[in-house]
Every structure is written in structure tokens, then in C-alpha cells.
Amino acid sequence: MRLEPRAERSLLLTLGFPLLALMAAGLFAAVLVMLAGANPFTVFALILKGSLGSRFALMETLTRATPLIFTGLAAAVAFRAKLWNIGGEAQFYAGAVMTVVFGTGLLPLPAPLLIPVLMFAAMLGGAAILYAPAFLKTRFGVDEVVTTLLFNFIFLLFVSLLLEGPLKDPMGLGWPQSKKVIADAQLPRLMKGLRLHWGFVLALTAAFVVWFIDRRTVLGYEMRAVGHNAKAAHFAGIPVARVIAKTALISGGLAALGGFSEVAGLKGNLTLDLSPGFGYTGIVVAMLALLNPLGVIAAAVFVAAVFVGADAMSRSAGVPSYIAHVMVAASLLTMVTAVMFTRHRLRWR
Amino acid sequence: MTASTTAQPESVLRLSRITKRFGALIANDAISLDVKEGEIVGLLGENGAGKTTLMSILFGHYLADEGEITVRGEALPPGSPHAAIAAGIGMVHQHFTLADNLPVLDNIILGAEPLWQLTSARGAARARVHRLAQDFGLEVDPDAVVAGLTVGERQRVEILKALYREARILILDEPTAVLTPQESASLFATLKRFVAHGLSVIFISHKLSEILAACERVYVLRSGTLVAERAVAGTSRAELAELMVGRPLPQPKVEPRAAGEVVLELHDISANRGAHWLRNVGLELRAGEILGVAGVSGNGQTLLADVISGTLLPATGTVVVAGAAIAQPTPRRMVTMGVGRIPEDRHSEGLIGDMSITENVMAETYDAPPFSRRGLIDWRAARAAAEQAVAAYQVKCQGLDGPVRLLSGGNMQKLILGRVMARSPRVVLANQPTRGLDVGAVAYVHEQLLAARARGAGILLISEDLEEMLSLADRIAVIHRGHLSAPLARAGLSIGELGLMMAGHGSGGDVHAA
């Protein structure tokens, strides 16, 4: 048994294998559902209904997808340049911290001014957090996987410290939570009575901007060149260290925008459970999207749908909503396998 | 079995009608050949002619679509390297497969012992390695760590590895690519000892002189088909060349030309990277000349090239291009000063394999018009430049958007030539510009270097191929342990003399002088 590279990749393969991959992941989840004593068809129907089956469900899914688009883009941008940013979680919280620092009354500006200022501040916070590991990587060769990953824990403890101290809401009945952002700092809902907010539009815009940077700008070209072959990029005269630094600023800024959008658009304040691992799930989203910025939108909606649908399903079918984690993880594995098969063919003997 | 007698020796290996297709490409088309006991058989062909594919099938890395292989009359199970080794076939790859951090002895026994065995019989292994080394003249210290060995010594370890596995048929894939002429001669002597002991050798090469020097019989492959089988005694260099390429080959014609003003100067350049040094190197390159730098690989030519390419900052000394001293040489600075750079390693430095032809053609000048304005890339201009480079430098490709890694070595080099020469550089740094290329591509690269010389560029040619050096360069300097000798006029220099200088024996005068 061996793998041989395929000479050409047909469209059928490129689309067919990922589809097969999702089906395989579903099959795997079905086995677990049966072990839990439920009928997989009912369970999948419930997940589908709970995530996409009604206007309300669909809006809930898109609301959940919003932060994932941001963190997914953050991972995709960095990974394309082979900057392994595992610190999306810290950068996400950095954006949220900046939003509550400046958005809870410190800057009494009208909304059209305050919101851009808060976005900028949030991006600055996230960018700064990833800039340090990128500098250590290019200057001293420190592995950014280790630094960004470990910094997540440090920063979460720092947020906890802030919420017990300077940022603690005096009216919060002792809970570790910040004050609510002022009305001018809030992102409006897209429609009355919905939870879906302008953060979603912002996320879609960000995806298109990233796509534009990648395809049309000098910076995008440099980032791809560095990602594919840093040595050749250096030889050709591309300033590799500077490109990695710029990548870090963009990637950190994108993850931080997710934190801003979640606080200013949905939650209103900062708590320690603002993110149920959006930073990490963003990596999964980016990988499922094969690092394509527009693909990130689809991947984020898919992952969000699985989580939202599984929540709804577990309420009525009694299968634990953890099945969502299994489904997402399994689809990642099968997707990676599928990508390999679009590029290689399996030969027996 | 006794060693070969004067009677007709029997075939130990027979390949019959081996066919291998990759999609529409026929890499091997019904190739039959046989190898007799105690002979050295050459396998001659350009890159891409199918030599490596054929040997990969023999060694079980690939599966033939048709045909069969017999060793000593018994069919060899296809697709199994284990079966090939068990049948006594040993392979010495072009790129060594040694663990640098382990001693020689460990490298030799690595993989030859069962995995589930707690003790390793090192004493017995050492004795066997010692005996093999003595029998065949392959002296190497079994306790030396591989990282500290010269390339020639590493090759000996690779050969010992195959012999240790009781190989009776040894396949050597382009074994002289990394050796000095003297080392090659010693390798050929070793091969003669093998056949005297009744072993058989398949010698793969695209260098005619080596085939003629080492082999008794030669098979010539061209685009996947076997075009000829010749006894070396009854053929000539010209005939083999024509068989291999399919047409008569032009010899590079070097028109005499007076050298002009100095275009590149190095003063007292010292640099180091790891254990490699460049010590107080000085040189002057003039317009309209080719200055050759000969040397065994690892003596500092990579550092010299990197300094001129702008990828290595020298510790001392100055680089002067066209009269202007360059304070901090960077790749971009050197490019804008009119230095065209053909790097040693096309794959890791010259091109970005996963990016398209267009993206690679623009790589050195992407952030200036016409390729980009105000941070935005003008893909139309980039494509136009790529189209021009592909057409002008005869790059064979299936469109400008495919990844560069799908191109053959020769076409990659043509693409780099297109990128470099499009700007009519004052200085051309050509570092091993023909390494690993087939004869046709080599001739093309030579033609282009001579064209640049005729146009008035100064060309610094760094090469380990002495024939190339002697046929192209106006003056030749030798680099040894980081010192660059004063250049000598080509007229009157011989390969033998150069070889001695490359080994560190200066020929008259002070070799270390700047």
C-alpha cells in the first residue's frame, strides 16, 4: 500500500472528497449516538433542525459563528505565513479587555466615533500580544507554538486579576465581571428581537479584506512567499522578519476583533466565560477551511451549527451535547485525510 | 561460486520489458537489460530519461506496469525493497541516507539488525566492517561521527552499508557528483576491485567521461526508451553524446573578448557560518569576463556566493559593485545594484516550489513598478513578464499558474535565468549553475552565460565541474578552506593541476594571496 501524488486534481475530487469526509465524520458520530442509546437519524435531524431548521435557529448559529470567523481568520492568516499562532484565545480576550477599558465610560464619544476607536484599540491589544512571540521567533528562534500557547493561560489569569480588581463591576454583586459598555459602544442588532448583531457583518467584511490582502496586495504576496519557502523568500529579497511581524499584527488584531465584537455586540460586559475556547476552535475552523479566508466563513458556520444544533438536540433527545465536540473533531480528521486524497492516490501493492 | 572465468560470464540480473507509466508519461518503455557477473555496466541518460525510475523499480520503490526482473534466474518479487536487498541488490543513492549524529559503525548496522533484539552484536559487526573495508579499499574510521566526515568518506560509508547487507549487485546513482577528480578516480579503482571479487555494478551517470572511464558496457536511455547498448571499447564520446541527446551537441564557443572595467570587487572579506569560514578573500571581476572559482564543495564557495548574494553579512571587508561600496549587502540591495544571482540550490533558494511561475518570476522585483503600485499587485504586468521569460528562455510548462515544483530541473534553471537575465545585470553570480541538469540544459545555460559575457557582464562562475570551468572561464581561482587563490589564466591549466590545487596543494606561488 502506498501513496502516489496525483498528476492533476479534478473539480470532482476537490469537492467530492470533503463531502465524503463530512459523511464519514457523521457516520463515526452515529456509532457513538447509538452507543448512547439513541437513534442517529433522529439525533441528526434534531441537530439540523436546531441549527438551521428555523429562522431563530439559523440566527443563533450565525451569532455563534461570528467570533469563530474572527478567530478562524486569525489562525488562517498566521498559518499561511507559517506563523503558528496558537494564542488566539489570549488575543481574543485582549480585544475584549481593551473594549471594556475604553468602552465603559472612559471615552464619552458618540457611537460613530467610539466604535471605530474601540475596534482600533482592541486590534492594537491583540496585535501587541502576538507581536512579542513573533519577535522572539524571528530574533532568537523561540518556538512560537510554545510561547503563544502558554501565554493563553497567563493572560486568562491576568484577565481574572483585572476582573477581581480594577475592572470589577462595583454593582456586580461580587461576581468577577466588568461593567457593561455604554450604549454608544454597543454594536446594534441587525434586526429587532434578534441576537444577531453587526459584528457578523464586520466578520464577513474582515474575511473579504483578508482575501483581498492575500490575492491582490504586495503584503499578501510576501506572506505567501514566506509561508511556502522562507529561505527562497529571503534570497529573493523579501524582508522575512518584517513580513512575519506584520502577519502577527494582522492575526492578533483579527482575533482581538472577535473579542470586541462579542463584548460590544452580544454580552455587553467581560466575564471569564466570554469565550468557550473560541481561540482554539478558530484553529479548527481555519484548518477545515484549508486556510482559505472565504472558506473560513463556511467552516465557522458549519462548526457553529454543529454546536448550536447539538445543544438543542441534547435538550430533547437526551444525548449529551459533547457529541458536538466529537463531530467537529472527527470532521477535522476526516477533512485532513480527504485533502491528502485529493492530492495523492492510494495504490494497493 | 567462483570468480568469473574467461568463459562467458552468466547474467546475474535481467530486466525484461520493464514499462512504467505516470499518467500519460511513459517513464520506461519496455526496457530490457542484463548485467553479468563481474562487470560494470553504465546506465547513461539525461535527467528525465528514466534512469532513476528504472532503478527504483529494480529496488522495489516503484511497481512496474509491465515486465519482470530476474536475479540469478529467479523472479524478483516486485515492489519490495526487502526482497531486493535479500536478493543481493544494494543501492547507493545520490543524496546520502546517513544519520549525521551517529558513528559510522552504527550507520552501517542500522536497519540490518532485527528490531526486537536487546543486544547488538557490535563486536562481530566491527570485525566484518573492518574486513570489508580492507578487501575493497574503503578505509574509514568506524567510530567517527558521520557529521565530521568528508563527502567522499560518506560515500564510502554508504557503499559499506550496501556491502554489509551482502550486496552482490551494487547500484550507484550519480556517485561522482560530489567528488573531486582524484576522489572519483579512487572510486573507480574501488569499483574495479568489486568486479574482481565477482560483484556487479550498475553505474548511473549523465557524464560521458565517467562512463568511458569506469564501465565496460553501457546502456543509453533517452526519454524512457533504451536507444543503444554499446561496449565502451567500441564507442566514442561523440557517439554516446549523440545517442543520449538525440542530436549532435554544440560545443560552447568562447569568443575572445577584452575584459573591461572592474564591475565587482571584494576586499578582505571574512565571514563564517558554523564550521565554515571565508578568510580574507579578495577578487576583482571585470566586465566581459568569466571568472571561475573552483573547489571541492564545502571549502567556502557557498559563503562566498552568499556574501555576493546579500544573504550573508561579512564580518570584515567591503563589497564594491560598479565602483560603489555597499555598506550592508542585502539581497534587495544587490539586485538593485545590478547583480544577477543564480543560486546553488534551485529548490530551496532559487524558487518557491508551491507558488506559480508568475509569482516566481516577479519574486526579486515584486514591490516596484511594473509589478506593483501603492501596495497593490498588478497581476497583468506580472503575467506578461512571466510569459516573456517563459518564451524567451524556452521554459517548458503547462501554463503560468501551475506550481513551479512540477517543472523539471532544467526548466527551473531556465526560469531562474529568465528572471535574472531579464534585467541585464552588470554582474552575474552563477553558483553551480549546471549541477544536476541534463546535457541539453547544460548547453543552454552555458550559451546564456556566454551571451551575458558577450553583452559585457562580468560573470563569477562557481563550479565543481572542472570540465565546465576549463571550457568557459577566462581566469580561474581556487578556493580551499576559505582561502581564495589568485586567479590564473585558463590557457595552460589542466584538470590535474586544478585538482591538486583543489586538494590544497598550491601550484607555485602563494595560493593564499588575495
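Structure notes:
- Nonlocal amide H pairs with residue A:179, under 5 Å, H built at 1.01 Å: A:169
- The mean count of C-beta atoms from other chains within 10 Å of the C-beta of residues in B:352-358, rounded to a whole number, is 4.
- Per-peptide average of other Cβ atoms within 10 Å, ordering B:402-410, A:129-137, A:185-193 highest first: A:129-137, B:402-410, A:185-193
- Solvent-accessible area lost on pairing B with A (1.4 Å probe, both sides summed) amounts to about 2500 Å².
- In chain B, the alpha-carbon atoms span a convex hull of 176 Å³ per residue.
- To the nearest ten degrees, helix B:151-164 and the longest principal axis of the Cα atoms of chain B are 20 degrees apart.
- Spatial separation of Cα centroids for region B:12-90 and region B:314-344, in angstrom: 48
- Based on the convex hull around the alpha carbon atoms, region B:26-75 presents an average projected area of 3.9 nm².
- Distance from region B:294-313 to region B:419-493 (C-alpha centre basis), Å: 14
- Residue (of B:148, B:41, B:444) at the positive-pole extreme of chain B, dipole from beta-carbon charges: B:444
- On Cα atoms only, tilt of B:181-196 relative to the major axis of chain B in degrees: 10
- Placing +1 on the Cβ of every Lys and Arg and -1 on the Cβ of every Asp and Glu, with nothing else charged, gives the protein assembly as shown a dipole about its Cα centre of roughly 2240 debye.
- Among the trypsin sites (Lys or Arg not before Pro) in region B:234-289, those placed in a DSSP loop whose Cβ has at most 16 other Cβ atoms within 10 Å are B:253, B:257.
- Of all DSSP beta bridges in the protein assembly as shown, antiparallel share, percent nearest 5: 60
- Carbon/sulfur fraction of accessible area - the protein assembly as shown, other protein chains in place, 1.4 Å, %: 61
- Listed values for region B:476-482 are Karplus-derived 3J(HN,Hα) couplings in whole Hz (6.51 cos²θ - 1.76 cosθ + 1.60, θ = phi - 60°), namely 10, 10, 10, 10, 9, 6, x, and x replaces Gly and Pro.
- Relative contact order (%) - criterion: Cα under 8 Å, at least six apart; region: chain B: 14
- For region A:224-349, the alpha carbon convex hull comes to 169 Å³ per residue, rounded to a whole number.
- Ranked by how many other beta carbons lie within 10 Å on average, peptides B:341-349, A:250-258, B:382-390 from highest: A:250-258, B:341-349, B:382-390
- Number of partner chain Cβ atoms within 10 Å, mean per residue of B:403-410: 1
- Estimated Rh, the protein assembly as shown: Kirkwood, alpha-carbon pairs, angstrom: 31.3
- Solvent-accessible surface of chain A, averaged per residue with a 1.4 angstrom probe and all protein chains in place: 46 square angstrom.
- Dipole of chain A, positive direction: furthest Cα of A:218, A:115, A:79, with charges on the beta-carbon: A:218
- Whole-Hz Karplus values for region A:320-333 come out as x, 6, 4, 4, 4, 4, 4, 5, 5, 5, 5, 5, 4, 4 Hz, taken residue by residue from phi with 6.51 cos²θ - 1.76 cosθ + 1.60 and θ = phi - 60°; glycine and proline positions read x.
- Scaled against 2.2 N^0.38 Å for its residue count N, the alpha carbon radius of gyration of region B:118-272 is 1.41.
- Two-decimal log10 I(q)/I(0) for region A:1-134, as the Debye equation yields it once each C-alpha is a single scatterer, q = 0.09, 0.11 Å⁻¹: -0.53, -0.74
- Rounded to the nearest whole Hz, the Karplus-based 3J(HN,Hα) values (6.51 cos²θ - 1.76 cosθ + 1.60, θ = phi - 60°) of region A:81-98 follow the sequence 8, 6, 9, 7, 7, 9, x, x, 4, 5, 5, 4, 5, 4, x, 5, 4, 4, with x at glycine and proline.
- For chain A, the mean projected area of the C-alpha convex hull, equal to one quarter of the hull surface, is 20.9 nm².
- Globularity ratio of region A:251-314, using Cα Rg and 2.2 N^0.38 Å: 1.19
- Placing unit charges on each Cβ (+1 for Lys and Arg, -1 for Asp and Glu) gives the protein assembly as shown a dipole about its Cα centre, and among B:169, B:241, A:244 the Cα reaching farthest toward its positive end belongs to A:244.
- Taking the centroid of alpha carbons for each part, region B:196-264 and region A:207-281 are 53 Å apart.
- For chain B, the longest principal axis of the Cα atoms and the long axis of helix B:122-136 meet at an angle of about 80 degrees.
- Shielding of B:212-225 by partner chains, average beta-carbon count, 10 Å: 0
The values are calculated or read from the model by the stated rules, or taken from the named source; none is laboratory data. Bear in mind the structure is a predicted one, so any value in this text is a computation, not a measurement. As a convention, Cβ positions derive from the backbone with ideal geometry for all residues, glycine included, and neighbour counts pool all protein chains shown. Accessible surface areas use protein heavy atoms only, side chains included; no ligands, DNA or RNA. Shrake-Rupley method; radii C 1.70, N 1.55, O 1.52, S 1.80 Å.
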